[in-house]
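Each remark here refers to the structure printed beneath this line.
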Amino acid sequence: VNGSPSVLWTSLATIYEEKEKDIAAARKVYQRVCREGEYTFRDTDELAQLWAGWVEFELRHESWDTALSVARQSVSNPEPEKRNRVTRGLSRSLRLWGLLLDLEESLGTVQTAKDAYNRVIETKVATPSHILNYASFLAEHKYFEESFNAYERGVELFPFPHPGAKLIWKTYLDSFLTRYEGTKIPRTRELFDRCIEVCPPDQASDFFLSYGSFEEQYGLTKRALAVYEKMCTTLPAEEKFSAYQLFIAKTVKYLGVTATRPLYERAVAALEDEPAAKMCLEFANMETTLGEIERARTALTYGAQLADPRRFPEYWSTWHDFEVESGNEETFREMLRIKRSVQAAFSTVNYNAAEMGAGVPKAEPLSDDKALAEIAAREGVKMNEQPRIGGFVQGKRTQEMKDLEEVERRAAKISRKIEGGGGAVVGGGGDEIDLDDDEEDDDSENAGDQVRVDVETKAIPAAVYGGLAANK
């Protein structure tokens, strides 16, 4: 049979056990190798595997006491003459310790099990699962304070950032709350404060939520809100938005909606651009529900500088709908002006398609013309029917400048006056030109255009002149 030395010795014992039906001979094989050291192993795991095989052999034949005794011997210090590198390593074998602890819980007494757990903790061979099993074992036998002491030894043995620290702390706090509920409030607060102080920010959210829930149920509302506030400042940036949402919701529940205004302001100041823009939308929605339209518009205006229209079109569609429902033509135009300025500010920023949400269907908002028409219809204002060009301000035109031919005629008239010397230039700078009255020019031009008609003449009677004729 090919294989490792432990497999070879185990196979030999199995032959005596199954084929020869000689239990004593099989047991003798294990004794020769494990106790008497007939064969020298090179690896501790090989020898530990053979010890574990001996324990399982005794269990198969229901020799409970013998199996427990063999398990205890496997992790005990060897005799000086048999002590070497391989045998010394047996006392730190997780495989043998796990087997012994299971047998102590099921076959031994409470005291022997406690001694075994204490020894594995003292030798620093224990794992987080050993700590949890030990504390659970003590709690099952009503040793609650000793169970909490086991948790204390566990958090000392496995501090953060060890992966098992969070599990030990969480089980510790849950067990303490289950046992004492609200009867030991100061001690519970001390435990939570210790945990939050040493816990890394990226793992602290569960502990903050448990602490806040405890204060809400057994403590003070003020302390609960203080816990949620500390959570908002402690958690990493990617979790702050959810933390502020929870803090605001709890504040609304206990203090009312108006008490959330400073919280929204602090949230907008602490969050990054996109989460801050979302918080501005929630802030504006809250103010709208209270009827504070101007406050809501101010919040939207502030958040606009953080919302790139290419990456966050929902922000602008929300503001668009807000102005359609609650604004007027002036405020709507101001919203469009801000949008153009924000687009220009973000025009030099490049994003890839994944960041911009390529392929995501977007809602189609009302066009600007339709929105203005709805506002005008609601307010009863008659809109100017002249065509508008988006993005430009409509210029003013006087009544005299409407006719293009009139403009050309006046330009030609001024040119003729200047060439003919009819106008006088006042001042050396040529700032003012005095021209004859336009009506006189019109009369002279009209006179030149009249058709000449021949008229017959008659002599005037002398009586008409009277005395004048005599003098003449």
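The values are calculated or read from the model by the stated rules, or taken from the named source; none is laboratory data. The model shown is predicted, which means the values in this text are computed figures rather than measured ones. Positions of Cβ are generated from backbone atoms using ideal geometry, with glycine treated the same way; all protein chains shown enter the neighbour counts. Remember, those area values only see protein heavy atoms, side chains included, never the ligands or the DNA or RNA. Shrake-Rupley method; radii C 1.70, N 1.55, O 1.52, S 1.80 Å.
Side notes on the structure shown:
- Exactly one residue among SER63, SER74 is within 18 Å of LEU101 (Cα to Cα), of a type in the set (S, T, N, Q), open to solvent by less than 70 Å² (accessible area, probe 1.4 Å) and touching a Leu at 6+ places or on another chain (Cβ under 6 Å), and that residue is SER74.
- Among the residues of the stretch 274-299, the ones that are open to solvent by 70 Å² or more (accessible area, probe 1.4 Å) and not in a helix (DSSP H, G or I) come to 2 in all.
- Any hit, the stretch 381-395, residues being within 27 Å of PHE241 (Cβ to Cβ) and either among the β-branched types (Val, Ile, Thr) or modelled with pLDDT of 90 or more (or both): no
- For the stretch 314-347, filtering for residues that are in a loop (DSSP other than H, G, I, E, B) and not hydrophobic (A, V, I, L, M, F, W, C) leaves 3.
- Helices (runs of 4 or more DSSP H) wholly inside the stretch 1-113 that include at least 1 residues being farther than 29 Å from TYR134 by Cβ and of a type in the set (A, V, I, L, M): 5-14, 23-34
- Residue that is buried (at least 18 other Cβ atoms within 10 Å of the Cβ), touching a helix residue (DSSP H, G or I) at 6+ places or on another chain (Cβ under 9 Å) and under 24 Å from LEU59 (Cα atoms), where the choices are LEU107, LEU96, LEU132: LEU96
- So ASP43, is it over 30 Å from HIS141 (Cα atoms), of a type outside the set (Gly, Ala, Ser) and in contact with a Ser or Thr (Cβ under 9 Å, 6 or more places away or on another chain): yes
- In the stretch 185-200, the residues that are in contact (Cβ under 8 Å) with a residue 24 or more places away in the chain and closer than 13 Å to LYS166 by Cα form Cβ pairs under 8 Å with partners that are open to solvent by 80 Å² or more (accessible area, probe 1.4 Å) and assigned to a helix (DSSP H, G or I), at six or more places apart or across chains, as follows: ILE196/LYS230.
- Cross-chain or 6+ apart pairs with Cβ under 7 Å, the stretch 32-60 first and under 17 Å from ARG85 (Cβ atoms) and of a type outside the set (Ser, Thr, Tyr), then open to solvent by less than 20 Å² (accessible area, probe 1.4 Å) and not in a helix (DSSP H, G or I): LEU47/PHE41; ALA48/SER93
- Each residue in the stretch 4-26 was checked for being open to solvent by 10 Å² or more (accessible area, probe 1.4 Å) and under 25 Å from ARG88 (Cβ atoms), and 6 pass.
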